[in-house]
Each structure stands twice: as C-alpha cells, then as structure tokens.
Amino acid sequence: MAQLEEDAVNFEGLARDVAQWSSQFQAELKNRPVAASTGRGLPKRMLALNGNGARSAFDDFTAHIAPQLSASAGPRYLGFVTGGATPASIMADWLVAATDQNVAAPGDSIATEVELQAASWLLELFELPSSFEGILTSGATASNVLGALCARQHAGSQQNLDIAKAGLSGSEIEVFAATPHASMQKAFSFSGLGRDAITFVPCLPNSEKMDTNALKSMLKQSKSKGKIVVASAGTVTGTDFDDLREISKLCKIHKAWLHVDGAFGLFARLMPSCKHWTEGIELADSITADAHKWLNVPYDCGIFFCKHPKILQQTCSVAAPYLDIDNILPAFMDRGIENSRRFRALPVWMSLLAYGKNGYQQLVEKNCAQALALAKWISDSNDYELLVECKLNVVVFRPVGSRDKEVKIALKKINSTGKVYMTPGIWQGEAAIRAAFSNWQTSMKDVKIVCNALESLTGKDLV
C-alpha cells in the first residue's frame, strides 16, 4: 500500500510525463514504421513480489513495449478498416480512465445521459429515424451478437417461445445471408443458432451483393417458422450494398427480422453522392456500425441501433436485487452484453461536439478520394491489377498474373517496407491485397508514399 500512496502523491508529475509521451507518439506517427516487426518480444521475468511503482512501470513500457508498437493510429495503416483517434477523442479517453465511470445503471452520475445523447447524435449524423434506440458496444462483433440475439428472440416470438428465458429447444430458425462478415458468423455461434443455421443466398454476378430474386424464392420455400435476414451495407472486400428497400419488403411479408451490418458502410450516408446505396436501411430492425472505424475514436467502440428496445431488454435483462435501481433513464446493462461498462460514450460525445456533422462528412469524402487515387494508380500500373471498382474507401488488387501464394509473398514484402500496412482479402475466390482508408490524418501525400512503396517492388521483386 505504501507504493500506491507514493504513486498517488506523485500522480500529477506522472500524468504530465505520460501526456508528453503520448503527444510525442502522435506527432511521430507519420514517420514511424507502420508495422512493428522487431521480433524482440518482452524480456522473460517472473512476477515481482514487491512492485517498484508506476514510474518504474512506465520506464519499462517505454523501453520494451513502445518500440514494438505499430503505427496503426497513423495515416498509412490501411489494414482492416482502422480509424485513427481524433485529438478530442484521445483527450476524452484520458478522462474516461481518470473518472472511471461504470455506465451500467443510471442514478449515480450523468454518464448514462451522455451515452443517450451520443446515441441520439449518431442517429442525426446518419440521418436515421428516432424510432431507433442506440447503445455503444465493444465493437461490431458485440453489436452483431446483439443483432443475432434480438433476431433470435423475434423468431422465437413467431412460435410463441421466449428463447431468452427457455432456450432454443423446440424452435425453428433459419438465417439468410449473402456475404456475412466473419463477426456475424461468430455472432450466430455465440447465440446458439450456430453457423450452420445460415442459408447462403447467391450474389449478383461479379459482386458481393445479395440477389434479391433468389432471396424471395428461398424465403418462400423455407419451412422454418422463424426467419432472420442479415444484409450488408458495405461488404468487407467489394464494398457492395444490398438492396435494403427490396429486402425489407420481403422481410415484412415473411415476418423476418432484418439485421443490417453497416460496420463502416453506414458512413456512406454522410456523402450525398453515396447515400442512396443505403436507401431502406431505416426500415431495418437492427443495425451494426463501428465508431472506432470512421468516427475515429479509440478502441474499442461499436454501435448498435435497434427499433425494438423491448426485445433488446427482454434478451439482455436479468433481475437481481442489487441491480434494482429506480430511475427514469434506461440501464444499459439491461440492453447489452456487459453489466460493467466502460464510459466509452465520452470520446464519441466529445468528437461529435468538436467536429460536427460537416467535419465527419469531409473526413469520409477525403478518405474516399484517397482510395480512388490509389485505385487509379493501380489501374495505370503495369505491375498491379485492380480487381474490383473502388466505390467507397477500399481498394482491392494484386500483382499482375500472380497466384494466390505469390499474392501472400507480395503482401509481406509491401508491408516490410515500413511505409504502409495492408491486409489480405479474397475476391471471387482468389487471394487479393486490400487497402482501406479511414484515418483522419491520411493525406494525398500519404497516397503518393504508398504508390512509391508499391512502385519500388515491381516485377520480380514482388514474388
């Protein structure tokens, strides 16, 4: 306890040094190797019997961990769909740790009200109706799990079953999806439905977009009493958008729950030229999105919108005497997976307040223009081929004439330059390289650096 008390006395100086280090790390992101590949690892040590305090721990961090961190928050980390962290969101995240609020139930602080307002602002940002209610999760996986659980509960209600209470026994549920994200398949594993519950709907030719005529026929032929349809607003590789208006009509006819995975594609609604791709999403029963992607708040922060809060509450709420808190505001522990919940709403709230709708529209438009510039360079290149038209923020390509094994070798060499980091993808059954733009710091100068890195590995150097 003496060490804890000493750290508390010295906390102001420690906090100042950590803030200074953090600021320097942010400033050096553009020049830092994008991926850390030192291979040094951590020194092998036993747990100390007596600790040496926060200052010593921080010194160990700077010596052994900091040099091996990636620049994933930087402008040329184009793997997955990884946003950076805005200055306002970093500042808010420090405050989250310092205040350490548990946003489980209202009544002891304003934290619940902040999350409610943040969710309301997100609905305004995406121009979604107020009939949706929102909750912030740990990410798209958790949001998709909530979508699967609510859909499961709805499908059970079509059979006079309360699945959350009684389990899946005796239920009949079929899931229809064309190109579900891996996290969606994981969600069906967690929900007890199982990945085998998914009936895969064919896609339109040379696309990841659902064939709605095929869905119409499959729903009509289905013998299952409970039906769920999972649609995509921006598939992970081709960035394709399902025809949500037509799908919602079919769901209404067959009393199926419509869940839309819009982890990053929902942000297309911020661009007037692309908003029509998501037409009909307002008719969905539930929607997934990610704030730690294009909203550029720190990990972790997902978004779940649901039109049926009673079903969400029925799915997640469990009565317990110590949780019986009388308050007019909802208890988010009754609407999500976790009981104890981090105050992750604060970075969202502060970022939206700091930059507004126009700021995020400009960010999305800028990233899409950068992706288009890289796609054009690849199209004009003699050494690379663009595999699918760049429609939003994702560029899918491979070396000309390469086989799947050679694509993996090429990707490793590209990432080893330290100038850029990309991740693998699959397009029409073949290996590809995938670059996704979603960081507020990325500029056209960074695109040029990426192109130069690709150009430095042409011909035989690629494989």
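Within 23 Å of Thr237 (Cβ to Cβ), open to solvent by 20 Å² or more (accessible area, probe 1.4 Å), small (Gly, Ala, Ser) and part of a helix (DSSP H, G or I), is that true of Ser143?
The answer is no for Ser143.
From the list Ser402, Ser416, Ser379, pick out the single residue that is exposed (fewer than 15 other Cβ atoms within 10 Å of the Cβ), more than 22 Å from Arg32 (Cα to Cα) and among the hydroxyl-bearing types (Ser, Thr, Tyr).
Ser379
Which condition does Ala431 not pass, out of (1) open to solvent by 70 Å² or more (accessible area, probe 1.4 Å); (2) of a type in the set (A, V, I, L, M, F, W, C); (3) free of Cβ contacts under 8 Å to residues at least 60 places away in the same chain, if it passes all the others?
Just one mismatch for Ala431, condition (1).
Would region 151-166 turn up any residue that is closer than 21 Å to Ala289 by Cα and free of Cβ contacts under 8 Å to residues at least 60 places away in the same chain?
no
Which ones in region 326-356 are not basic (Lys, Arg) and not in a helix (DSSP H, G or I)?
Asp326, Asn327, Ile328, Leu329, Pro330, Ala331, Gly336, Ile337, Glu338, Asn339, Ser340, Phe343
Examine region 152-165 for a residue that is touching a Gly at 6+ places or on another chain (Cβ under 7 Å), surrounded by fewer than 18 Cβ atoms within 10 Å (Cβ to Cβ) and in a loop (DSSP other than H, G, I, E, B), and state whether such a residue exists.
Yes, some residue in region 152-165 is touching a Gly at 6+ places or on another chain (Cβ under 7 Å), surrounded by fewer than 18 Cβ atoms within 10 Å (Cβ to Cβ) and in a loop (DSSP other than H, G, I, E, B).
Taking Glu365 as the residue in question, decide whether it is open to solvent by 50 Å² or more (accessible area, probe 1.4 Å), closer than 30 Å to Pro75 by Cβ and touching a residue at least 40 places away in the same chain (Cβ under 8 Å).
So Glu365 passes the test.
When you check Val395 against the structure, is it on the phi < 0 side of the Ramachandran plot, part of a strand (DSSP E or B) and open to solvent by less than 10 Å² (accessible area, probe 1.4 Å), yes or no?
When the stated conditions are applied, Val395 passes them.
Does Glu385 satisfy the criteria of being acidic (Asp, Glu), within 20 Å of Glu455 (Cα to Cα) and either open to solvent by 60 Å² or more (accessible area, probe 1.4 Å) or in a helix (DSSP H, G or I) (or both)?
yes
Out of the residues in region 27-41 that are open to solvent by 50 Å² or more (accessible area, probe 1.4 Å) and under 29 Å from the mean Cα position of the chain (by Cα), state the one that is farthest from Gln441 (Cα to Cα).
Ranking the qualifying residues of region 27-41, first place goes to Gly39.
The values are calculated or read from the model by the stated rules, or taken from the named source; none is laboratory data. Everything numeric here is computed off the predicted structure, so don't read it as measured data. Glycine also receives a Cβ, built like all others from the backbone with ideal geometry; neighbour counts cover every protein chain displayed. Ligands, DNA and RNA are stripped out before the accessible areas are found, and what is left, the full protein with its side chains, is counted by its heavy atoms. Shrake-Rupley method; radii C 1.70, N 1.55, O 1.52, S 1.80 Å.
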